[in-house]
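The values are calculated or read from the model by the stated rules, or taken from the named source; none is laboratory data. What you are looking at is a predicted structure, and each value in this text was computed from that prediction instead of being measured. Neighbour counts are summed over all protein chains in view; Cβ atoms, including those assigned to glycine, are modelled from backbone coordinates with ideal geometry. Only protein heavy atoms, including side chains, enter the accessible area calculation; ligands, DNA and RNA are left aside. Shrake-Rupley method; radii C 1.70, N 1.55, O 1.52, S 1.80 Å.
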Amino acid sequence: MATEKETIQFSDSALSKAKEIIGRYPEGKQKSALLPLLHLAQSEFDGWLSPAVMDYVASLLQIKPIEVYEVATFYTMFNLEPVGNHLLEVCRTGPCWLRGAEDIVKRIEQKLNIKVGETTADGKFTLKTVECLGSCGTAPMLQCGATFFENLSEESVEMLIEKLAKQKRSSYLRPTEINVG
Amino acid sequence: MGRQLLLEHIAVPGIETFEVYRKMGGYASVEKALKTMTPDQVTEQVKNSGLRGRGGAGFPAGMKWSFLDRKSDKPRYLVCNADESEPGTFKDRYLMEKIPHLLVEGMITSSYALGAKTSYIYIRGEYMYVLQILEKAIREAYAAGFLGKNILGTDYCLDLYVHPGAGAYICGEETALLESLEGKRGNPRLKPPFPAIAGLYASPTVVNNVETIAAVVPIVNLGGDEYAKVGVGKSTGTKLISASGHINKPGVYEIEMGLPVEEFIYSDQYCGGIWKGRKLKAVVAGGSSVPILPAELILKTAKGEPRLMTYESLAEGGFISGTMLGSGGFIVMDETTCIVRNLWTFARFYHHESCGQCSPCREGTGWMEKVLHRIEHGHGQMSDIDLLVDVAKKIEGNTICPLGDAAAWPVASAIRHFREEFEYHVKYPEKVKNPKHFEEQLLVNR
C-alpha cells in the first residue's frame, strides 16, 4: 500500500513532540521512545494504529517494523482496529464489580444498542470492558480517551453518553471537561 | 488521625504548584541532602529508617539501594515504578495527582543518593492525565533550579522524565518494567542478574515504588532514626492505604503502621464502617494478589489477638489464617458478596494480564478462569473445587516472576476459607442463576 504510506505523516507539532520525546533517552537507545510515540500516533491518526502508521513509527525510530508490531500487539491500550469517536472502557475487576460495574455495562449496552466489543453503526461509540484502572475508591468508573469518569450510576452514565454524542472525537492525550456529577 | 508524613499538606489549596509546595516546606530534603550530606549518608538514613518497599513486596529499601553496583563505569539509573495496577490499589495515583512535587522531590533526593544523572518515572498509560500533572511539576522544578545542571549551585546534575506504559499489569514487575522502558514487550527477565547490577540498558538500576520514593523526603528531613520511631517493630513509618468496596468512605488514607484493622474499617476517620448497614464478610487486605480473609480472621488473628495494619500482624498465621499488607489495597466485602464471583473477576484479570512467557501461568490462569466461570454460573462439579486447588499449586513457584503466585494465592485462600460457598454453587445451580444471587437472598430473607 505504497500510496497510503505516503499520506502517513505526523503534523508539524506532533513531529517536534516526537523529536523531543526521542531526546529523553540516551544516544542509540531511541527505541525506548516507542510506547510514547505509539500513544502520540494513536492520538494523531483517529484513535487506532494501522500497519501503515506502525511502519511510519518504525521509520521515525529507525527500527524494524516487526519491533513495532510485537510491542503494539502486547499492550492493551493500542487499538489495532478502528474504534468509535468515543471509546468507552468500563472497568470490570473486583473492586468495580463490588460497586456495580456489571449494571453500568448493561445500561450502556441498552442505551447504545451494542454489546461489549462492538461499535455503534454511526461510528460514535465503541464499548469495551477493561481490567483495573486504579480507580477503585471511586468505583464504578469508565475511561474515555484520557478522561476518567468516576462514581458512575446508571443515570449518570446515560447522561455522559448523551453529552459525549454531541462532541468530536475524545482525546487520548488531553482530558475532556464533562461533568456528570 | 495518626501522624501524616506524606499527605500532611494534601488539603492545602494550590499544593500541586511549586510555589505553594515550597512555601509549605517542600524541597527541604533536596537542600539538606545536596548541601550537607554525601550520597552514602542519605542511603544510610534510608537504611536506618527501616523503610520497606511500598509497592507490595515489602523489601527493605535501604538494602536494595546498597546492592547498587557503584563500581561500574556505566551510568546509574533510578526508575520510579508508577505502573500502579494491582486491583484495589490507587494510592500512587492519588499522591501524584494531588501532591506531584512530593514525588519529584523524592526522585531528586533519591537520585542524588544513588548517583543517577538521568531518572525516569514509568507511569501506567491509563494515567495519561496524571503524567501531564507530573510533567508540569517537573517543568516548575527545572525553572526553580531543582532539576537540570548544577542543582542549587552544587556539582550535582539530574534530568527527570516521565514515561508512559500502555496497559499491562505485568510492567509493575520491575524487570518487565525495564523491558518496557526499553521499548519492548513487558516480559519479565530471569534473575540474576538483578537490576542493581544490570537493569536499564544493562546498567546498574534501582526501581522503587512511588510511595517508597516519596517516603525518602520525610526520612531525610527527620532523620532515619526519627522516622523509625513511627510505627511498630519492623513496620516503620506510615502507609498509604487504598480503601475500596462495600464501605461508607472509600478513599486513600495515610495510617501509622500499627493501627488496628477494626478501627480502620469502622472508625469514621477512615472507612466509616460497612455500607447500607450490612455486616462485614471478607477483606482482601493488600491488593487482589494477597489471600482473602473472612471477617473473623481479618479483625483478630487465629490466636485471638487484634489484627494490626503492619507487615507482621497481617501475615500472622501464614497462609493458613493470615494474609499480607501487600500494596495496601484494602478491598472490603459485605455479607451479600459472592466470593466465587469476586474470585472469578480476579482470575479473569490474571488470565488477561499474564504475559504468556511461562506456560504454568499462561495456561493455568486460563484454566482457573474457565473453571471458576462454570462454577459461578451453575455448571460446575464438586471435583472442580479440588481441580482449582491443584492448578493453583502447580502455578505457584513455577514461573519467572511473581504473577503466577499472585494468581494462585487468591484462588487457594478463597477455597480454604469459603469452600462451602463453592459447594453451594455446585449443589444449587438454580439458586445462583441471578448474578446477584446472595444479595437477592438477603433481601428476601429480611
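Values computed for the structure shown
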{"quantity": "Spatial separation of Cα centroids for segment B:122-169 and segment A:87-144, in angstrom", "calculated": "32"}
{"quantity": "Helix-derived mean residue ellipticity, 222 nm - over chain B, DSSP H n ≥ 4, -39500 (n - 2.57), to 500", "calculated": "-13500 deg cm²/dmol"}
{"quantity": "Using a Förster distance of 41 Å, the FRET efficiency for residue B:226-residue A:171 (Cβ separation, nearest 0.05)", "calculated": "0.35"}
{"quantity": "Above-threshold pairs, the threshold being 30 Å between Cα atoms, out of A:29/A:124; B:281/B:427; B:276/B:393; B:234/B:303; A:128/A:163", "calculated": "A:29/A:124; B:276/B:393"}
{"quantity": "Under 21 Å from the Cα of residue B:149 - lysines, other chains or at least 8 residues apart", "calculated": "B:32, B:35, B:74, B:117, B:136"}
{"quantity": "Estimated FRET transfer efficiency (residue B:381, residue B:305; beta-carbon r; R0 30 Å; 0.05)", "calculated": "0.15"}
{"quantity": "Rg to Rh, two decimals, where segment A:1-116 supplies the alpha carbon set and Rh follows Kirkwood", "calculated": "1.08"}
{"quantity": "FRET efficiency estimate (nearest 0.05) - Cβ-Cβ, residue B:443 to residue B:420, R0 30 angstrom", "calculated": "0.90"}
{"quantity": "Under the span-like rule (Cα at least 24 Å along the axis, Kyte-Doolittle mean at least -0.5), DSSP H helices of chain B", "calculated": "B:403-427"}
{"quantity": "Accessible-area composition of segment B:18-229, carbon plus sulfur, in percent [1.4 Å probe]", "calculated": "55"}
{"quantity": "Taking the convex hull of Cα positions in segment B:18-229, its mean projected area over all directions (nm²)", "calculated": "10.9"}
{"quantity": "Most fluctuating residue given options A:142, A:60, A:49, as computed from a GNM of chain A linking Cα atoms under 10 Å", "calculated": "A:60"}
{"quantity": "Shape category assigned to the protein assembly as shown from the gyration tensor of Cα positions, a/c cut at 1.5", "calculated": "oblate"}
{"quantity": "Projected label distance in nm at residue B:41 and residue B:352, using a 7 Å step from Cα toward the beta-carbon", "calculated": "5.0"}
{"quantity": "In sequence order, calculated HN-Hα J values of segment B:191-208 (Karplus, 6.51, -1.76, 1.60; Hz; x Gly/Pro)", "calculated": "10, x, x, 7, x, 4, 9, 9, x, 5, 6, 6, 9, x, 9, 10, 10, 10"}
{"quantity": "In degrees, nearest ten, helix A:101-112 long axis to first principal axis of chain A (Cα)", "calculated": "80"}
{"quantity": "Amide H partners (placed H, <5 Å) of residue B:292, local residues excluded", "calculated": "B:413, B:414"}
{"quantity": "Probe 1.4 Å, protein heavy atoms only - accessible area per residue of segment B:18-229 in square angstrom", "calculated": "32"}
